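The next block holds one structure in the form of structure tokens; read it before the comments.
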Amino acid sequence: MITAGIDIGQRNTKAALLENGGRIVAKVSARTGYDFEKAAAALYDECLALAGLDSDDVSYVVATGFGRYRLPFRDANVTDITANSRGAKFLFPGTACFLDVGAGSARAAKIDANGRILKFRATEKCAAGGGGFLEKIAFYTGVDIADLGRIALTSTQPVSLSTVCSVLAESEVINFVTQEVPMENILLGACNSVVGRVLLTLRQVGTDPEVTLTGGMNLNVAIPKILEEKLKLKPNASADLYYAGAIGAAVLGFRRVSRTRGSPGMGG
Amino acid sequence: MGAYSVGIDAGSTYTKGVLLDAQRTIVGTAVQMTGVNIVAAANNVYRAVLQEAGVAEGDVGCLVGTGYGRYNIKFGHVQITEISCHAKGASFLFPATHTVLDMGGQDTKAIRTNERGEVVDFCMNDKCAAGTGRFIEGSARALGLSLKEVGDLSLRSNRAVQVSSTCAVFAESETLELLAWGHSLEDILYGVHSSIATRAIGLLQRVGIEPELAFTGGVSLNRGMVRCLEEQLGVKLNTSERTMFCGAIGAALFGLERMEQEVAAPPVRA
Amino acid sequence: MFIGYINVPGDIGPTAQALEAKVPKAGFDEAKRLQGTLLKRYLESLWAGAAAGRKFAYTFVMGNPIELLSAFGIVPVFPEVTCLNISYRGGAPGLIAASEEEGYSTDACGYVKMGVGAALKGGQTPIGNIPRPDILLLNYSGCQIYIHWWEQLHYLTGAPIYTVDVPYIREYDGRVPPHDIDYVVGQLKELIPDLEKATGSPFDEEALREAIDRSREAWDLWRQCLETGTLRPTPFDAYFESIYYMSPITLLRGTAECVDFYRFLLDELHRRHEAGVGPTKDEKFRIIFEGVPNYPYFKSFWDLFKKWDARCVASTYPKVAGMVDSGSFRLDPGRPLESLAEYMIHAYCNLNMIGRVGLLERYVKDYQADGMIIHAIKSCRSFSMGHGDIREHFAKELDVPTLLIESDHVDPRYYSEAQMRNRVDAFFETLALRKRR
Amino acid sequence: MVFSAADAGSPTELFEAAVEDSYTRFDSVERWKAATGGRAVGYFPVYFPEELAYALGFLPVRIFGASGRVRLDQATSHTQSFICSIARSAFQLASEGALDVFDVLVFSNICDVARNLSGITKRNLPAKGIAYLHYPVNNTSPRALEYLREEYVRLARHLGELSGHDLELDRLRKAIALYNEKRDLVRKLAMLKQERPWLIPYTEFYAATRAGGILPVEDYIDALEDYLRAVQDRKAKPMDKIRVVVLGNFCEQAPLGLMKMIEDAGCYIVGDEALMGLSWLGQVPLDGDDAVRSLARTYVDNPTALTVRFHPAIDKQAYIVDQIREAGAQGAIFCTPKFCEPALYDYVIYKSALDKAKIPYMHAEYEESGSSFESVRTMVETFAESILFD
């Protein structure tokens, strides 16, 4: 049985196909844009094509993310916090807490052995600014976003940037650029500022191991490193976790179908 | 010493340069992206204005730097804040100016000036309204459009959607969310421009609005913004393609004044 | 018997006179150093007091009856002062983070977050261990957040709150209804048996009178110091330097050291004046300063003004411990509680906005100021709500050049040097042009 | 009636018209003044002794904030951006003349912003009547009662000077009796919403309660009685939703869309603080004591925690846990207005009690003018899912 999860985020849409709730068959991602219904449909088709499957082969589609209500072919939708918890648990079964950093805000939750949410927090409005903030910093410093984390890690003297208002932090970055501060110091400062913001949220729910990082920050090598330093424990991070929302949605789809059809689930 | 004066405005996005002759005629202008090397950008712009007018470096009597990067323009003689320069420049372009609204990438400024283009009072945005220009940029980015395009699109709407937040951090999410709820692009953009205009007017009111009004800075090229400001203020704004050079013009004018007074009494401190 | 908290146990240390004897007359900046010594001694008195088993009362700077506490030998702790000193030394982020992790918002006051952070860390702070409170004395004057702060500490530490409710000055001519004074005096009377119970020592009225008298003397001297700001040029910066000078009147009111300090300061200011020495090379601009400073960047913040040879001639913040130059109170050992009540009611933030604006207007006139700087801070709505409106009044109705800038007093995350400099430079450019006209 | 029959057929329509009127227009207040020759007092939240106003010939009206219905240009130029929205919109309304219908505006010591707003309003509108009540904070002091009584007398003198009336104790007793009745009805409505939340959607409940902050008390009592009768007989069926209380919204009002979204996202709101100031006082005993003193005593002795009234004898942590349990709620949703410090401090006090009592809660921020609730919706849905499916 194949189930699909589609996570329509503010910046990127992610899709994943899951076989019998246990194996990821395919996963893809693309820019959400403003016509996100179309973007999601196209991405879903791409994902199916990658797996060599047809939409009829898919038993259940679960949508998540801010655009979840706008996916016409969904069977169900769940919030991205729920989806990320299942995704984190699927990829790292020892997960006790997870931190999901999106383009804008971040969410953290403490979950039980089955991936159920026990407690969660979202960043305050004034502390918003995750991946989107780093994209802008990449623009001001003329660095490719894909290289940002790697370059940041070469710095030993990061600048200090506001860990609350990211608009203010952005202005500070511009000023550092005008002062011709070495690029890597600015970039590491920017990564520190993002971590500073999201860490508060994580600490409010707890940092019991294992801590799993979900979302786009898994594609930035500096963020898990800084998190590790601050938490004094190594968080789970991997490229797959970028897809945690979509994978979690597919896992929930599989559980839903299994339950209604009475077939054995993957436990949990 | 030469008779020409150069003003260089090193802003966060663009570096602008203007060359004035002793009769206060603009004989050269240049602009380029500031990028990460401000000194290089300032130098390039400097060379470009000289080249355009065919003026040799030795003919330049004074070089004044302004803008956020002004302290980097070490080859200049004086550094003056962009507030003083914008006021001066705006009153050069529009001589009846008494109020200037400058909306750029970093800051919004409201300036009241006297007939000589001197600052009488000024206010800059609060922290939470920082980068109001950036809010529009954020909306544009969310939609994959340019700053000018979003302005033009907003003109097609007569029904502004209420946009509550003007915090630039939420520009993208707010815009996308309104889209997700089925509002039209045009109405959303009208709403965005309208709410930013209200903020800017609040700032203008702090210095007092006295006609004529000049609208300068990068956002002044956005026609949607001009429309919203005019609607809410009930007066016409002076704006032109040349307002982006306002700061540089003002800087060059200060240079000329300085040359006229020689070094005895510099108008403002370096 | 009066027990000054600073001298127990152990000796007093160099008083102003002793220090003066050591310092050559040529020194024009010795009062600041003496202030540092007194502050250090104050902190040491906390640790000594803890070792000696003394009772600690947390209390607020604005409108507190410190003399009453010292009559019982209770050691006052001022979390506002400890927080600002921690922040001045760069220690704010750790304490703020500790409370934000507990759920305190970024919009909450930085003082509260630092204070709570310190309590969460068992009193461990970068300036040393701050003793736990035995009493939370809620002198609610001028700041609503005082209530919330003590409530937080009450639930966190279990310490009892003793309240002295001080009504806001709500008549626009500045009058205080008689029932306000009666109410505050009555509450101070109710406080006495509570303090007797808490300390186990009987109320010594004579000790209170003596402390009140020493306070009065210190207030008189401090007022004279502040009024040297009317001199042209002013011998001192009535904002940036006053922030150092204000600490003895805040912490040590009612002691002999406090009186000595201000006598010493007054003398130093006169010597500065005679020698033509001041806080900057020149006095190009005379400004009035309204609002709380930025402590984490205090020196570079000051430099923004020094660079323009701007001297502050009068300001409000250094008078948060008492509006000594407004003529609104005068301590009187003959009527200790009544005069204390009048003092408590007339705290700066307890004035309504009409009163605050009037006071600033008087400063502009009496001190012949060229302009006004208002520094609004995100943490403190008590101080800052109204700053926008004050600017309106001065800039538009009185044509006094006024600059409104904002950051925070303790939280370094809200300070942007480049933005601040841009605004300040533009302001003085404008002022320079105006002076030329 | 202050609304013509056309705009107020049913009680619900009357309530909705009143709510709409209470944002920026206050036409009904204008009409009431014209019809009765009386005066009007507008008061800034949270609580106000309406009886005193009534007895002196005033219509007491609560200023709720403009909730995004005015452009805040004046407010932007006079206040900084870290000031809450209700203070900004109230100032904007005052400076636009929208509050001219009120002969006097009353402020009190609920927070630093409200305190200073009184003087700022006075400075900008010198001709406007501005009064300020200092509610005692030291409510365990034996002096608090007399102090508040004096404050009420002072306010009565101020109002009386404007209306030309002296405070007559008989009239005050009549007023107390009326407002007791009003508060009792409002409490009944809240109990009904608590016991059978499916009968009344929050938006309707809200309008019915809020109308009590603007309508003349007699009209309101009649309409609310009718409404309560009609609602009891509704045949709605309960849905599988979690029961929550909403906390922190006692002053600046949350956008109605946000509150509606909470119910749509799987919750029943069985208690909230939005309009608690209108009924918080409870019943004032008319036991032969000086009626002004009775009114004051009921304030001073009130055992209900209120974020903006410090009472040294109240244990807020025990109080909140009891409240939630009594309401039969499964969780609490803290909705705090952006920049509202008092709400943010009580949030921490309350949440640590909830942690201990193992009561789930979540926290979201709002502004009265807010129009996008997507991130809050995600949180509420997650919250509901986590309780519903455990």
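The values are calculated or read from the model by the stated rules, or taken from the named source; none is laboratory data. Predicted, not measured: the structure shown is a model, and the values here were computed from it. Reconstructed Cβ throughout: ideal geometry from the backbone, glycine too, with neighbour counts over all protein chains shown.
When you check C:S105 against the structure, is it free of Cβ contacts under 8 Å to residues at least 40 places away in the same chain, surrounded by 23 or more Cβ atoms within 10 Å (Cβ to Cβ) and touching an Asp or Glu at 6+ places or on another chain (Cβ under 9 Å), yes or no?
Against the criterion (free of Cβ contacts under 8 Å to residues at least 40 places away in the same chain, surrounded by 23 or more Cβ atoms within 10 Å (Cβ to Cβ) and touching an Asp or Glu at 6+ places or on another chain (Cβ under 9 Å)), C:S105 qualifies.
For the structure I just gave you, tell me whether A:L188 is buried (at least 24 other Cβ atoms within 10 Å of the Cβ), at pLDDT 95 or above and closer than 25 Å to B:Q106 by Cβ.
Answer is yes for this residue.
Could you say whether any residue in the range A:89-98 is touching a residue at least 60 places away in the same chain (Cβ under 8 Å) and within 12 Å of another protein chain (Cβ to nearest Cβ)?
No.
Going through B:T81, B:T99, B:T108 one at a time, which residue ends up being buried (at least 24 other Cβ atoms within 10 Å of the Cβ) and touching a strand residue (DSSP E or B) at 6+ places or on another chain (Cβ under 6 Å)?
Going through B:T81, B:T99, B:T108 in turn, the sole match is B:T99.
Here is a list: A:S29, A:S85, A:S59. Which entry is more than 14 Å from every other protein chain (Cβ to nearest Cβ), in contact (Cβ under 8 Å) with a residue 24 or more places away in the chain and either in contact with a Gly (Cβ under 6 Å, 6 or more places away or on another chain) or closer than 21 Å to A:L219 by Cβ (or both)?
Checking each option against the conditions leaves just A:S29.
The conditions are (1) crowded, with 23+ Cβ neighbours inside 10 Å; (2) within 21 Å of the chain's Cα centre (by Cα); (3) of a type in the set (D, E, K, R); (4) in a helix (DSSP H, G or I), and C:E406 fails exactly one of them. Which is it?
Result: C:E406 fails condition (4) only.
Restricting to the range B:74-110, name every residue that is assigned to a strand (DSSP E or B) and charged (D, E, K, R).
B:D102, B:K109
Name the residues in the range A:216-263 that are part of a helix (DSSP H, G or I) and among the β-branched types (V, I, T), would you?
A:I223, A:I226, A:I247, A:V251, A:V257, A:T260
Answer yes or no as to whether D:E150 is away from every other protein chain (no Cβ under 12 Å) and either touching a Cys at 6+ places or on another chain (Cβ under 8 Å) or free of Cβ contacts under 8 Å to residues at least 24 places away in the same chain (or both).
no
Condition (residue is among the hydroxyl-bearing types (S, T, Y) and within 14 Å of another protein chain (Cβ to nearest Cβ)) applied to the range A:198-220: is it met by at least one residue?
Yes - at least one qualifying residue is present in the range A:198-220.
Please enumerate the residues belonging to the range C:114-154 that are within 14 Å of another protein chain (Cβ to nearest Cβ), within 20 Å of the chain's Cα centre (by Cα), part of a helix (DSSP H, G or I) and in contact (Cβ under 8 Å) with a residue 60 or more places away in the chain.
Within the range C:114-154, C:I145, C:Y146, C:W149, C:W150 qualify.
Hey, among the residues in the range D:358-390 that are more than 10 Å from chain C (Cβ to nearest Cβ), of a type in the set (D, E, K, R) and outside any helix (DSSP H, G or I), which one's farthest from D:A66 (Cα to Cα)?
D:D390
What are the residues in the range B:141-150 that are in a helix (DSSP H, G or I), surrounded by fewer than 24 Cβ atoms within 10 Å (Cβ to Cβ), among the aliphatic types (A, V, I, L, M) and within 11 Å of chain A (Cβ to nearest Cβ), if any?
The answer is B:L143, and nothing else.
Take the residues of the range B:111-134 that are assigned to a helix (DSSP H, G or I) and within 13 Å of chain D (Cβ to nearest Cβ): which is nearest to D:I83 (Cα to Cα)?
Among residues in the range B:111-134 that are assigned to a helix (DSSP H, G or I) and within 13 Å of chain D (Cβ to nearest Cβ), the one nearest to D:I83 (Cα to Cα) is B:C128.
Can you name the residue in the range C:375-397 that is out of contact with any strand residue (DSSP E or B) (no Cβ under 7 Å at 6 or more places or on another chain) and assigned to a helix (DSSP H, G or I) and, of all such residues, is nearest to C:S407 (Cα to Cα)?
C:R381
Hey, B:Y71 hits all of (1) more than 13 Å from chain C (Cβ to nearest Cβ); (2) surrounded by fewer than 21 Cβ atoms within 10 Å (Cβ to Cβ); (3) in a helix (DSSP H, G or I) but one; which does it fall short on?
Among (1) more than 13 Å from chain C (Cβ to nearest Cβ); (2) surrounded by fewer than 21 Cβ atoms within 10 Å (Cβ to Cβ); (3) in a helix (DSSP H, G or I), B:Y71 violates only (1).
Which fully enclosed helices (runs of 4 or more DSSP H) of the range B:162-270 have 3 or more residues being within 24 Å of B:G138 (Cα to Cα) and away from every other protein chain (no Cβ under 11 Å)?
Result: B:185-207, B:223-233.
Among D:D355, D:D346, which is among the acidic types (D, E), crowded, with 23+ Cβ neighbours inside 10 Å and within 11 Å of chain C (Cβ to nearest Cβ)?
Answer to the check: D:D346.
Restricting attention to the range C:374-408, which residues are of a type in the set (S, T, N, Q) and farther than 13 Å from B:D121 by Cβ?
C:S379, C:S382, C:S384, C:S407, listed by residue number.
Which residue pairs have Cβ atoms under 6 Å apart, sit 6 or more places apart or on different chains, and have a first residue in the range C:411-437 that is at the interface with chain B (Cβ under 8 Å from one of its Cβ atoms) and a second that is of a type in the set (F, W, Y) and not in a helix (DSSP H, G or I)?
C:F428/C:W308
Before we move on, is D:A87 within 8 Å of another protein chain (Cβ to nearest Cβ) and over 27 Å from C:D165 (Cβ atoms)?
The answer is no for D:A87.
Taking helices (runs of 4 or more DSSP H) that fall entirely within the range C:25-100, which contain at least 1 residues that are modelled with pLDDT under 95?
Those helices (runs of 4 or more DSSP H) span C:30-51, C:66-71.
So which strands (runs of 3 or more DSSP E) stay within the range A:1-73 end to end and still have 2 or more residues that are among the β-branched types (V, I, T) and under 15 Å from A:G87 (Cα atoms)?
Filter on the range A:1-73 gives A:2-8, A:23-31, A:58-65.
Looking at the range D:255-267, can you tell me whether even one residue there is crowded, with 22+ Cβ neighbours inside 10 Å, touching a helix residue (DSSP H, G or I) at 6+ places or on another chain (Cβ under 9 Å) and farther than 20 Å from A:A122 by Cα?
Within the range D:255-267, not a single residue is crowded, with 22+ Cβ neighbours inside 10 Å, touching a helix residue (DSSP H, G or I) at 6+ places or on another chain (Cβ under 9 Å) and farther than 20 Å from A:A122 by Cα.
Could you count how many residues in the range C:350-371 are closer than 30 Å to A:C126 by Cα and either more than 8 Å from chain D (Cβ to nearest Cβ) or assigned to a strand (DSSP E or B) (or both)?
1
When you scan the range A:210-217, do you find a residue that is touching a strand residue (DSSP E or B) at 6+ places or on another chain (Cβ under 8 Å), among the acidic types (D, E) and under 19 Å from A:G22 (Cα atoms), even just one?
Taking every residue of the range A:210-217 in turn, none turns out to be touching a strand residue (DSSP E or B) at 6+ places or on another chain (Cβ under 8 Å), among the acidic types (D, E) and under 19 Å from A:G22 (Cα atoms).
I'd like the full set of residues that are within 13 Å of chain A (Cβ to nearest Cβ) and without any contact (Cβ under 8 Å) to a residue 24 or more places away in the chain, limited to the range B:1-51.
Selection gives B:M33, B:G35, B:V36, B:N37, B:A40.
Just the residues that are touching an Asp or Glu at 6+ places or on another chain (Cβ under 6 Å) and within 23 Å of C:R209 (Cβ to Cβ), please, taken from the range C:299-335.
Those that are touching an Asp or Glu at 6+ places or on another chain (Cβ under 6 Å) and within 23 Å of C:R209 (Cβ to Cβ): C:F329, C:P333.
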